[in-house]
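The values are calculated or read from the model by the stated rules, or taken from the named source; none is laboratory data. Computed from a prediction, not measured in an experiment: that's the story for all the values here. Virtual Cβ from ideal backbone geometry, glycine too; neighbours counted across all protein chains shown. Side chains are part of the model used for accessible areas, which takes the heavy atoms of the whole protein and leaves out ligands, DNA and RNA. Shrake-Rupley method; radii C 1.70, N 1.55, O 1.52, S 1.80 Å.
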Amino acid sequence: MEGDCLSCMKYLMFVFNFFIFLGGACLLGVGIWVIVDPTGFREIVAANPLLFTGAYIMLAMGAMLFLLGFLGCCGAVRENKCLLLFFFMFILLIFLAELSAAILAFIFRENLTREFFTKELKKHYQGNNETDVFSSTWNSVMITFGCCGVNGPEDFETAPRFRLLHSDDVVPEACCQRELQTRDGAFVSKEDCLMGKDMYQNRQGCYTVILNSFETYVYLAGALAIGVLAIEVLGAGICLQFETIVA
C-alpha cells in the first residue's frame, strides 16, 4: 500500500513539475522576445521604466520556473529529499515574488491610465525627432498600430512642444495613413494628412486600439497566473506529502 502511494505521489510530482517547466519555458521565451524584438516593442519597453522592469521580471520568473520544474522532476524521479526540499523553498520564494509584483502593479496602476498617457504625450512629444527616445517610441507605436495620439489626432492640438516645433502641421507624420503600416511604408497622401484632412489620417487613439488588441491576452495572462499559483500551491502540498513518505 505504501509503495503504491509513493508511486502515485512520484507521478503526480512529475506531472505538476512538468507543467511548471513548460510554463517557465513559455515565460522565458516571451520575455526574450519582448526584449530583443526588432519591430518596435523593444523601443517601447526601453522607454518606460515600468515596462522595462516588468519585461526583466518576466524573464527572471521564466528562468526560475524553468529551473524549478527541472529540479522538481529530477527530485520526483530520483526520490531525492534534498532536491524536494529545495523545490519547496523555491516555490515559496516565487510565491512571495508574485505577491510583491501584484502589490507593485496595484500601487502603480495610475501610471497605466488614459489620463496619464495623455498628459505625458502632450508634455514631452516632439514629433519626428528620432533622437528623442520618448518621441521615437510614440512614433513606433502609432505606426505599428495605425493609431494617432492617446485619444486621437486632437491630442496634438494642445501639445505645446509639438506645436512649437511643427506649427504648420496638424498632426505628426506617424499619424498619417500608409499603404503598409511600417516605417518603410509609403504614405497615402502625406501633405493632405499634415494639413488636417481626416481621410488620410489614422483617426483612432492608440489607447483604445492597443487595449482592444491586448484585451484577450490580458485575460489569458490573468488566467495563466491563477493557474500557475494553483499549481504551485498543489505542488507544495504534494511535495510535503512526498517528503514525509520518502523520509
Point to revise | Label-point gap, in nm, between F14 and T113 - each point 7 angstrom along Cα→Cβ | key: 5.3 nm
Review point. How many nm separate the modelled label positions at E130 and S189, each set 7 Å beyond the Cα in the direction of the Cβ?
Key: 2.7 nm
Point to revise | Theoretical FRET efficiency, 1/(1+(r/R0)^6), r = Cβ-Cβ of I103 and L67, R0 22 Å, to 0.05 | key: 0.35
Review point. With every protein chain kept in the model, how would you rank I57, I91 by accessible area, 1.4 Å probe, largest at the top?
Key: I57, I91
Exercise for review: Sort T144, T131 from largest to smallest accessible area, using a 1.4 Å probe on the heavy atoms of the protein chains.
Suggested key: T131, T144
